[in-house]
Amino acid sequence: MALVDLSGAYDLHVHASPEIFVRLGDEVDLARHALSSNLAGILVKNHFESTVGRAALADRLIEGTRVFGGLVLNHSTGGLNPLAVESALQLGARQIWMPTVDAAAHARSFGHVGGFGYQKSGLRLERAPIGILDAKGNLTPEVELILELVRDAGVILGTGHLDRAEIFSLAQRSREMGFAKLLVTHPEFNPPALSIEEQKQLTELGATLELCGGNLYPIPGFGRIDDFRRVVAEAGARSVILTSDAGQPRKSWPAEVLRIFGQCLLEKGVSQEELDLMTKINPARFLGL
């Protein structure tokens with residue numbers, strides 16, 4: 001069996017410190033590891049603040065690999081705030097994420113906002129879970145405007161920790177608006193715990209699936225390599241981006257998580273050409289490179 005070749009790959013889901021949750025290293029540490037692993041770049045995510053400025057500094061300091069940032073729309077960053085989105089886009093954000101740890105679906109899965117069953121934020125102030133649909137099941141005006149801003153900027157919109165109904169509403173509206181960079185964040189995670197058939201349906205609406213190798217680890221443990229293999233086979237590699245969703249101390253370093261993920265898929269029958277699409281070509285297109 002050949003070894004997977006991820007030279008020139010991009011990892012669009014990396015967690016760095018400082019963060020309220022413990023991480024393996026900061027953007028510079030993760031960029032150096034990505035460089036040593038021959039990755040072309042990483043995109044850094046933080047549940048509680050923008051990573052745009054931090055990523056820009058790391059991108060300047062570390063030559064040979066790119067570092068990109070974005071904004072998650074949790075309460076700490078203003079929630080579903082179009083002005084925060086517009087500002088982040090002006091500053092160079094490459095991905096905007098819908099709410100994660102403050103999403104209503106996340107609260108239903110873990111029993112509270114702001115953390116996980118195995119990770120606590122320590123924040124004391126109460127805040128309401130965030131949903132993106134109104135009482136009639138339509139996207140709220142704020143979300144409509146955020147979609148317009150992201151579409152016009154040509155950057156990625158990640159679905160974060162939304163539920164099935166919210167994700168399908170975003171996908172349908174994205175299709176109507178001609179927005180082609182909707183990225184379904186870890187569909188195997190809970191939330192949204194999408195079935196393989198639901199994932200295929202989303203790609204038929206024009207969405208792209210972000211499959212995360214970090215979910216194969218014991219915590220959170222939502223991923224199965226055979227399910228990932230089926231998604232690639234049935235949805236098609238052109239509709240998939242592979243990421244690590246790593247940086248947590250309970251997982252390997254992100255570039256290694258991505259390498260192991262790619263190697264496992266290779267040994268399950270995914271071709272190197274398909275892996276190139278999912279780790280190099282598709283991510284570069286979504287980054288606008």
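The values are calculated or read from the model by the stated rules, or taken from the named source; none is laboratory data. Everything numeric here is computed off the predicted structure, so don't read it as measured data. Every residue, glycine among them, receives a Cβ derived from its backbone with ideal geometry; neighbour counts consider all protein chains shown.
What to note about this one:
- Counting only strands (runs of 3 or more DSSP E) wholly contained in the range 65-137, the ones carrying 1 or more residues that are touching an Asp or Glu at 6+ places or on another chain (Cβ under 6 Å) occupy 66-68.
- Restricting the range 198-227 to residues that are in contact with a helix residue (DSSP H, G or I) (Cβ under 9 Å, 6 or more places away or on another chain), of a type in the set (A, V, I, L, M) and part of a loop (DSSP other than H, G, I, E, B), the residue that is nearest to K181 (Cα to Cα): A207
For every residue, the table says whether it meets (1) of a type in the set (A, V, I, L, M); (2) more than 30 Å from H33 (Cβ to Cβ); (3) at pLDDT 95 or above; (4) surrounded by fewer than 20 Cβ atoms within 10 Å (Cβ to Cβ).
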position	(1), (2), (3), (4)
E63	no, no, yes, yes
L73	yes, no, yes, no
G111	no, yes, no, yes
G115	no, no, no, yes
S121	no, no, no, yes
R127	no, yes, no, yes
E144	no, yes, yes, yes
L149	yes, yes, yes, yes
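- Within the span defined as the range 174-186, every residue fails to be more than 18 Å from T140 (Cβ to Cβ), more than 16 Å from the chain's Cα centre (by Cα), without any contact (Cβ under 8 Å) to a residue 24 or more places away in the chain and surrounded by fewer than 18 Cβ atoms within 10 Å (Cβ to Cβ).
- Positions within the range 1-42 being within 18 Å of the chain's Cα centre (by Cα), assigned to a loop (DSSP other than H, G, I, E, B) and small (G, A, S), in sequence order: A9, A16, A40
- From G236, G221, G288, residue being over 16 Å from S7 (Cβ atoms), at pLDDT below 95 and small (G, A, S): G221
- Candidate set: the range 242-278, residues that are among the hydroxyl-bearing types (S, T, Y) and within 15 Å of R229 (Cα to Cα); chosen: the one surrounded by the most Cβ atoms within 10 Å (Cβ to Cβ): T243
- The set of residues in the range 164-195 that are among the charged types (D, E, K, R), in a loop (DSSP other than H, G, I, E, B) and out of contact with any Ser or Thr (no Cβ under 9 Å at 6 or more places or on another chain) contains only E188.
- Take the conditions (1) surrounded by fewer than 19 Cβ atoms within 10 Å (Cβ to Cβ); (2) free of Cβ contacts under 8 Å to residues at least 40 places away in the same chain; G25 misses just one of them, which is (2).
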